[in-house]
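Participant: Next up is a structure, given as structure tokens.
The values are calculated or read from the model by the stated rules, or taken from the named source; none is laboratory data. Note that the structure is predicted; figures quoted are calculated from it, not measured. Backbone-built Cβ (ideal geometry, glycine too); neighbour counts: all protein chains shown.
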Amino acid sequence: MVVRQRVDLAVAKIKRDAEQGSADVLKWFTFMATDVSGELSFGRSFEMLQREQKNPYIRDLETAMMIAGIRSELQPLLTIASYLPLKVLRHVLDIDRRLWSYGDEAIGNLKVHITRKQGNAATSLFSKFLDPTKNQELTDPEIAQEASNLIVAGSDTTAVSLTYFVWAVLHPNNIHVRRRLMDEICTVPANARASDLSSLQYLRAVVDETLRLYGAAPGSLPRVVPSAGVVLSQYPIPGGVTVSTQAFTMHRDPDIFKDPERFEPSRWENPSQEMKDAFSPFGAGSRTCLGIHLAMLELLLGAFTFLKQIPDATLSPTTTDESMEFENYFLIAPKSHCCQIQSR
């Protein structure tokens, strides 16, 4: 199983580094999620975990996530800035072309592997788009653009969520959470199938609470009202108007979530209908994230394996409340861009 292989390798690298001094879980989870995206989408891993270092793609990905929110709000200013003869600025603004080129390269490699019948290429997601008997609509450039989008969407999001899971569970204020979680996962063997994790209800509650407070995309998600207009909560909204909701606000509504800033997974053991309706870490409605099931698989398996393999993990002294405050450029990330842990 692709996901388990990558999760096991990532946790093994984290454990090795933690025992030698400290391990940056954000780095290793980013490599893991990127490799999973490559393997399932294109039949070939990007081999980030094996190489153990950031390549130009990862660095461009981090930059893209940082400027995404700025671009959506200040596009006119960025357009003007594109004419300035500043090398650093032009390098940043050229990010879209470079990310597209990575998608194009991935598609090109996939074609070769399909022809040679190597690895999992023939059964990968994008193999269907490259089959002329199944795809009559998308051109190669359009497929490359979709490939680039998928790589971006499947990397930072999962990595950030897993990182904040580790941060929250290992935090001294949440000792009661960790103890209960460890008691539960002790009932399941380390080699348990992913389907067996569904019995770990408290693990799912901890993951959900992590997504509530530290969901990777907590910002506004705009939607345009249909031309006929709509009535929402007795308020008429004309057609063509842009309406936005944001998980950050809804997930911290004290009328829905008691003591909303408190990390308390037990609130999900018997959630109210209002809680279920407001909970939207993956968006909602017809535009819900397409990768929600893969993301949850990675989150549950990654969280389970981490705690199972490194039960004595602790936060490093450099990992503090201040270092883990998140910056939000559409996708969040710790301000320190790392989360160091140790193993006793």
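Participant: I'd like the full set of residues that are basic (Lys, Arg) and assigned to a loop (DSSP other than H, G, I, E, B), limited to the range 243-284.
Facilitator: Hits for the range 243-284 are Arg252, Lys258, Arg262.
Participant: Which is surrounded by 18 or more Cβ atoms within 10 Å (Cβ to Cβ) and in contact with a Lys or Arg (Cβ under 7 Å, 6 or more places away or on another chain), of Phe306, Phe279?
Facilitator: So the residue among Phe306, Phe279 that is surrounded by 18 or more Cβ atoms within 10 Å (Cβ to Cβ) and in contact with a Lys or Arg (Cβ under 7 Å, 6 or more places away or on another chain) is Phe279.
Participant: Pro226 is checked against (1) in contact (Cβ under 8 Å) with a residue 40 or more places away in the chain; (2) farther than 30 Å from Leu307 by Cβ and fails just one. What number does that condition carry?
Facilitator: (1)
Participant: Please count how many residues of the range 308-333 are at pLDDT below 95 and assigned to a strand (DSSP E or B).
Facilitator: Qualifying residue count for the region: 7.
Participant: For the range 274-303, which positions are within 17 Å of Lys13 (Cβ to Cβ) and of a type in the set (A, V, I, L, M, F, W, C)?
Facilitator: Leu301, Ala303
Participant: Further question: Any idea which residue in the range 285-301 is nearest to Asn191 (Cα to Cα), counting only those that are assigned to a helix (DSSP H, G or I) and small (Gly, Ala, Ser)?
Facilitator: Step by step, filter the range 285-301, then rank; the result is Ala295.
Participant: Let me ask something else. Inside the range 1-55, can you point out the residues that are among the hydroxyl-bearing types (Ser, Thr, Tyr) and in a helix (DSSP H, G or I)?
Facilitator: Thr30, Thr34, Ser37, Ser41, listed by residue number.
Participant: Still on this structure: What are the residues in the range 210-248 that are within 30 Å of Glu264 (Cα to Cα), modelled with pLDDT of 90 or more and among the hydrophobic types (A, V, I, L, M, F, W, C), if any?
Facilitator: Of everything in the range 210-248, those that are within 30 Å of Glu264 (Cα to Cα), modelled with pLDDT of 90 or more and among the hydrophobic types (A, V, I, L, M, F, W, C) turn out to be Leu211, Leu213, Ala216, Ala247, Phe248.
Participant: Does the range 188-210 contain at least one residue that is more than 25 Å from the chain's Cα centre (by Cα) and in a loop (DSSP other than H, G, I, E, B)?
Facilitator: Taking every residue of the range 188-210 in turn, at least one turns out to be more than 25 Å from the chain's Cα centre (by Cα) and in a loop (DSSP other than H, G, I, E, B).
Participant: Determine whether Thr305 is part of a loop (DSSP other than H, G, I, E, B) and modelled with pLDDT of 95 or more.
Facilitator: Against the criterion (part of a loop (DSSP other than H, G, I, E, B) and modelled with pLDDT of 95 or more), Thr305 does not qualify.
Participant: Sticking with this structure for a sec: If Trp268 meets every condition in (1) closer than 23 Å to Met324 by Cβ; (2) loosely packed, with under 11 Cβ neighbours inside 10 Å apart from one, which number is that one?
Facilitator: Condition (2) is where Trp268 drops out.
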